[in-house]
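Worksheet: the structure to be examined is printed underneath.
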Amino acid sequence: TKMNKQRRSLILSRRDVVQKEREVAKAKLWDQLQKGQRRTGTVKGITDFGAFIDLGGIDGLLHITDMSWSRISHPSEVVAVGSKIEVLILDFDRENSKVSLGLKQIIPNPWSDVGDKYPVGSKVKGKVVNIMPYGVFVEIEKGIEGLLHSSEISWQKKIVNPQEIFAIGDIIEVQIISVDKDAKRISLSMKQLEMNP
């Protein structure tokens with residue numbers, strides 16, 4: 001970076017060499033990127049909305065909604081800083097240096113054959129994963145949740161408060177009363193398992 005002949009001294013920079021090497025690698029990587037391509041990256045950082053993945057000189061964003069087919073409350077449930085993961089290139093914008101990544105897209109969508117696996121009228125066991133004033137969300141398979149509405153818990157006329165009956169993690173038996181594959185909605189009932197008094 002500097003040369004002084006009279007003093008017979010040279011100032012060298014390793015940082016400049018590394019920076020140039022990174023720029024060359026980055027340009028090469030941009031040329032290789034394609035939508036639908038699988039790449040291995042390293043988790044660089046985690047935020048509330050997703051994780052940043054180093055693809056080898058370019059950082060991509062793996063959004064929380066593209067991490068798992070099932071509901072997750074924080075990206076740290078799926079990825080950890082420093083771990084290597086395989087991701088799918090969903091989209092990229094070279095001009096703005098943006099890369100969108102997907103993880104759940106690598107595995108089959110559990111909703112694709114939900115109507116065949118869980119026909120209306122069938123009984124299933126599931127785990128309570130979320131409790132709301134209007135009902136309970138039940139995971140019947142990894143990535144597939146159904147809603148047990150408060151009106152479908154009991155035959156009694158008084159509306160039941162789900163928070164008084166259920167706890168997260170409870171395993172309950174329910175009946176499938178409707179399936180909407182496109183909207184990713186399954187309606188469940190407990191009272192249908194009992195005789196209507």
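Put +1 on the Cβ of every Lys and Arg and -1 on every Asp and Glu Cβ in region 46-186; which of 132, 107, 80 then has its Cα farthest towards the positive end of the dipole?
Positive-most Cα among the choices belongs to 132.
From largest accessible area down, sort 195, 3, 132; use a 1.4 Å probe on the protein chains. If you can, show how the numbers build up before the last one.
Working: 195 165, 3 135, 132 60 Å².
Solvent-accessible surface, decreasing: 195, 3, 132.
For region 67-184, compute Rg over Rh where Rg is the Cα radius of gyration and Rh is the Kirkwood radius from the inverse mean 1/r over Cα pairs.
1.08
Just the number please: accessible area per residue for region 1-159, 1.4 Å probe, all protein chains included, in Å².
Per residue, region 1-159 has an accessible area of 64 Å².
For the chain, with equal point scatterers placed on the C-alpha atoms only and solvent neglected, what are the log10 I(q)/I(0) values from the Debye formula at q = 0.12, 0.14, 0.15 1/Å, to two decimals?
Log10 of I(q)/I(0), two decimals: -0.75, -0.89, -0.95.
Rounded to the nearest 10 Å², what accessible area does residue 40 have for a 1.4 Å probe in the complete protein model?
Probe radius 1.4 Å; accessible area of residue 40 about 90 Å².
Quick query: amide H of residue 188 versus all other amide H atoms, modeled in the peptide plane; which residues come in under 5 Å with a sequence gap of 5 or more or a different chain?
Result for residue 188 returns 147, 148, 149, 177.
Using alpha carbons only, how many degrees (0 to 90, rounded to 10) separate the axis of helix 14-32 from the longest principal axis of the chain?
Orientation of helix 14-32: about 50 degrees from the principal axis.
Which whole-Hz ³J(HN,Hα) couplings does region 78-90 yield from phi under the Karplus relation 6.51 cos²θ - 1.76 cosθ + 1.60, θ = phi - 60°, glycine and proline marked x?
10, 10, 10, 4, x, 7, 9, 9, 8, 10, 10, 7, 7
Measuring from label point to label point, each 7 Å out along Cα→Cβ, what is the residue 109 to residue 18 span in nm?
4.4 nm
Of all trypsin sites (Lys or Arg not before Pro) in region 1-60, which ones are in loop regions per DSSP and have a Cβ with at most 14 other Cβ atoms within 10 Å? Show your work: numbers first, answer last.
Values: sites: 2, 5, 7, 8, 14, 15, 20, 22, 26, 28, 35, 38, 39, 44; in loops: 5, 7, 8, 35.
When the trypsin sites (Lys or Arg not before Pro) of region 1-60 are filtered for loop state and at most 14 Cβ neighbours within 10 Å, 5, 7, 8, 35 remain.
Please give the calculated 222 nm ellipticity per residue for the chain, where each DSSP H segment of at least 4 residues contributes -39500 (n - 2.57) and the sum is spread over every residue; nearest 500 deg cm²/dmol? Intermediate values should be presented prior to the final figure.
On the way: 3 runs with 27 residues, N = 197.
Helix-only estimate at 222 nm: -4000 deg cm²/dmol.
Report D for region 115-197 in µm² per second (integer): Stokes-Einstein, Kirkwood Rh on Cα pairs, 10 °C, 1.306 mPa s. Let's see the in-between values first.
Working: Rh = 12.7 Å.
It comes out at roughly 125 µm²/s.
So, taking all protein chains as they sit and a 1.4 Å probe, how much accessible area belongs to residue 194, in Å² rounded to tens?
Ignoring ligands and nucleic acids, residue 194 comes out at about 110 Å².
Using a 1.4 angstrom probe on heavy atoms only, work out the carbon and sulfur share of the accessible area of region 35-155 in %.
On the way: 3220 of 6190 Å².
Using a 1.4 Å probe with all protein chains present, region 35-155 comes out at 52 percent carbon and sulfur.
Simple spin-label model, 7 Å along Cα-to-Cβ: residue 70 to residue 3 in nm?
6.4 nm
Quick one: which residues, 5+ away or cross-chain, put their amide H under 5 Å from the amide H of residue 70? H built at 1.01 Å from N.
Amide H neighbours of residue 70: 143.
When the solvent-accessible surface of protein heavy atoms is calculated with a 1.4 angstrom probe, in what order do 17, 81 fall, highest first?
The most accessible residue leads, giving 81, 17.
The values are calculated or read from the model by the stated rules, or taken from the named source; none is laboratory data. Owing to the predicted nature of the structure, the values given are computational and were not obtained by experimental measurement. Backbone-built Cβ (ideal geometry, glycine too); neighbour counts: all protein chains shown. Please note that ligands, DNA and RNA were not included when accessible areas were found on the heavy atoms of the full protein model with its side chains. Shrake-Rupley method; radii C 1.70, N 1.55, O 1.52, S 1.80 Å.
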